[in-house]
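Here the structure comes first, spelled out in structure tokens, and everything after it is commentary.
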Amino acid sequence: MTLEAGTRDSPLIGPDQPKEAPIGVKFTDGSQPVGAIRFTLVPSNSLFKIETVVDAACRATEDYANVSRGGDKHTLQNWDSLKMHLGNRSYELRLGYDAGTVSASYFIRVSQ
């Protein structure tokens, strides 16, 4: 799955698709790669466990945070937002799980 900056309400995994394996999402801005994320879903608790965030060159970065609640940046509760610094820009990704569907409420560029 690829999300372009500015995307809203995008389903990532449908209700009939398996959710046990890690989910990978590539990020683009102006159709140019800016980074990617890999996470797993814990459906019983509606949690997202962040495995890795990488920049456009596939270098792992730890320059991200849960801006909804703070705390452990590797764990997002349902509909939390993750702020990531990728290259010289900042982005927010909001993940949710509802009715068997994993979706991105938004992937947007934000001011630093």
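No value in this document is a laboratory result; all are computed from the given coordinates. Note that the structure is a prediction, hence the values are computed from the model and not measured. Every residue, glycine as well, gets a Cβ built from its backbone with ideal geometry; the counts of neighbours run over all protein chains shown.
Here are the numbers for this structure:
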| item | result |
| --- | --- |
| Per-residue HN-Hα couplings for segment 18-24 [Karplus 6.51, -1.76, 1.60; θ = phi - 60°; Hz; x = Gly/Pro] | x, 10, 6, 7, x, 10, x |
| Label point distance in nm, SER31-SER68, each placed 7 Å from Cα along Cα→Cβ | 3.3 nm |
| Net +/- balance of residues flanking GLY87 in space, Cβ distance below 13 Å, scoring K and R +1, D and E -1 | 0 |
| Pairs of Cα atoms farther than 17 Å apart, segment 3-112, % | 49 percent |
| Taking LEU82, LEU12 and counting other C-beta atoms within 10 Å, the order from fewest to most | LEU12, LEU82 |
| Whole-number percent relative contact order across the chain, with pairs defined as alpha carbons under 8 Å at least 6 apart | 27 percent |
| GluC sites (Glu not before Pro) lying in DSSP loop within segment 22-106, provided at most 14 other Cβ fall within 10 Å | GLU62 |
| Value of Rg to Rh for segment 3-50 (Rh from inverse mean 1/r over Cα pairs, i.e. Kirkwood) | 1.01 |
| FRET efficiency, ASN45 to MET1 (Cβ-Cβ, R0 35 Å, nearest 0.05) | 0.95 |
